[in-house]
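Any read-out appearing in this document is the output of simple, stated calculations on the displayed coordinates, not a laboratory observation. Please read these numbers as outputs of a predicted model, since none were measured by experiment. Neighbour counts are summed over all protein chains in view; Cβ atoms, including those assigned to glycine, are modelled from backbone coordinates with ideal geometry.
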Amino acid sequence: MRADTSGIHLTKEDAAIAKGMIARGDRQHDIAAWFGVNGGRIGEIASGTKFDDVPAQVENLPPKGPYLSGRDVQAARKQLVSAQATLNQLSAEISRMIKELDAG
């Protein structure tokens with residue numbers, strides 16, 4: 001059984017950025033990860049099969065990869081949620097202490 005498609009389609013603007021990343025020396029795998037597409041789509045751009053008429057963007061490119069994996073993003077998110085909970089507790093404690101000081 002075949003998986004559902006992602007529904008992500010590269011635009012001319014995306015292709016210009018991808019071409020700039022290719023020219024910069026980024027790996028096609030990393031470029032594909034940035035856009036969330038199959039590496040074959042970047043291969044089509046690199047070979048000129050798709051978006052042959054689109055010039056490469058040379059400025060304001062995304063940072064060079066490799067990028068975080070989904071697993072790394074999930075772990076980072078979990079840590080951020082934990083940090084947010086800790087900050088909320090500290091904020092509540094500080095508010096309580098201020099009220100005590102104001103009360104006398």
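Could you give me the residue pairs with C-beta distances under 8 Å whose first residue belongs to region 52-65 and is free of Cβ contacts under 8 Å to residues at least 40 places away in the same chain and over 12 Å from GLU13 (Cα atoms), whose second residue is in a loop (DSSP other than H, G, I, E, B) and not basic (Lys, Arg) wherever it lies, and which are 6+ apart or on separate chains? Matching pairs, first to second residue: GLY65/ASP26. Could you say whether any residue in region 37-55 is basic (Lys, Arg), loosely packed, with under 13 Cβ neighbours inside 10 Å, out of contact with any Lys or Arg (no Cβ under 6 Å at 6 or more places or on another chain) and not in a loop (DSSP other than H, G, I, E, B)? So far as region 37-55 goes, no, none of its residues is basic (Lys, Arg), loosely packed, with under 13 Cβ neighbours inside 10 Å, out of contact with any Lys or Arg (no Cβ under 6 Å at 6 or more places or on another chain) and not in a loop (DSSP other than H, G, I, E, B).
Please tell me if GLY20 is within 19 Å of the chain's Cα centre (by Cα) and at positive phi. No, not satisfied. The combined condition, being within 30 Å of ALA18 (Cβ to Cβ) and free of Cβ contacts under 8 Å to residues at least 12 places away in the same chain, is not fulfilled by GLY43. Of note, ASP26 does not satisfy the criterion of being under 20 Å from LEU68 (Cβ atoms), of a type in the set (Asp, Glu) and part of a helix (DSSP H, G or I).
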